[in-house]
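Colleague: One structure follows; several queries about it will come next.
The values are calculated or read from the model by the stated rules, or taken from the named source; none is laboratory data. All figures in this text were calculated on a predicted structure; none of them were measured in a lab. Glycine also receives a Cβ, built like all others from the backbone with ideal geometry; neighbour counts cover every protein chain displayed.
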Amino acid sequence: MSSTKHARFSLRLLAPLLALTCCLPVAPAQAQSSFMLAMMQKYPMRIAGTPAPAVMAGSAYRFTPTLLQQWSAVTFSISNKPAWALFNIVNGTLSGTPSQNQQGSYGNIVISVSDGRNTVALPAFTLTVNANPALQLTALTASNSAAVFNSAPVISGSPAATVVAQATYSFKPTASDANNDVLQFAVTGKPGWASFNANTGELTGRPGTMQTGTVGPIVISVSDGNSVTRLAPFSISVLASAPAEQAAPVVVAKVQAEPAPAPKANVAALTWTPPTQNNDGSPLDNLASYRLYYGTTAGQLTKVITIDKGQTAYTVSDLQPATYYFALSAVNSAGLESALSDVRSKSIQ
């Protein structure tokens, strides 16, 4: 018996793959805006941070606030910013390095941020710049560097303590400087009837009869630009008349405007007899010098020449055409000056 062979086939049906796509609906723009506004109201923008309250001069200061719940682009701003500081409007950073001369407190500083809708700010704060001892020492060393190698000027002199009313007072100190610096003089307590020369230190004047009394203390000082040296304080007493023990000399001679020899056309030659007594009648034994006063007006003899006590004649030269008036006084070693002699005149052609 024959057998029939049958082939076996296995049939598998392949089910088609079905892809299911689920799509969410797109919300309208108005709905998106409402949602964002709700989120901003529920989680508002905030700014945080605690600025350092102080910085030392010469040191860098820096503070950047922290921005919380940012929903859109923002811009930072500041009020009452210190002049030495910079401010970044993008991230709110306050930075800078104050100098030594910017010490002090800078108050009511406010850092704020805005997103166009809302603005929030940190609490107002004060920033204090403290002195830096290291910078102070550096500045002190720099300012004193010249003085370290500087010798203070020297000043000396003994000003007369008295002057008779209507007599001329004059005192000029002696000053020097080892560094050959240019010297400038100053005075405090100067009498109202006196003038002062800041270049020479000379104090001069002629007090009137209504200016009797004592003026002081008077202090004359000299400076080389780095150091100041002062004379000891002194006073000047204006006397109505010279005391007997220091009586002013009396000019008993007549001043002659025309000597025996004919003078040159532009000169005036003067001669006189030396005084021998004081105005109280006592002998004159301390004559120091003469003062020759002259000018083009009899009542204003503004030019003064000091003449040695050993001379009895003097020639004034280089006179321009005019009528000149001359008078002489004598000065003793105490600085007391006599009244003027008779006025003499000469015309220069």
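Colleague: Quick test for you: out of V228, V250, V304, V267, pick the one residue that is on the phi < 0 side of the Ramachandran plot and either at pLDDT below 85 or touching a Gly at 6+ places or on another chain (Cβ under 9 Å) (or both).
Modeller: Result of the check over V228, V250, V304, V267: V250.
Colleague: May I pose another question? Would you mention how many residues in the range 118-134 are more than 31 Å from the chain's Cα centre (by Cα) and loosely packed, with under 15 Cβ neighbours inside 10 Å?
Modeller: Of the residues in the range 118-134, 5 are more than 31 Å from the chain's Cα centre (by Cα) and loosely packed, with under 15 Cβ neighbours inside 10 Å.
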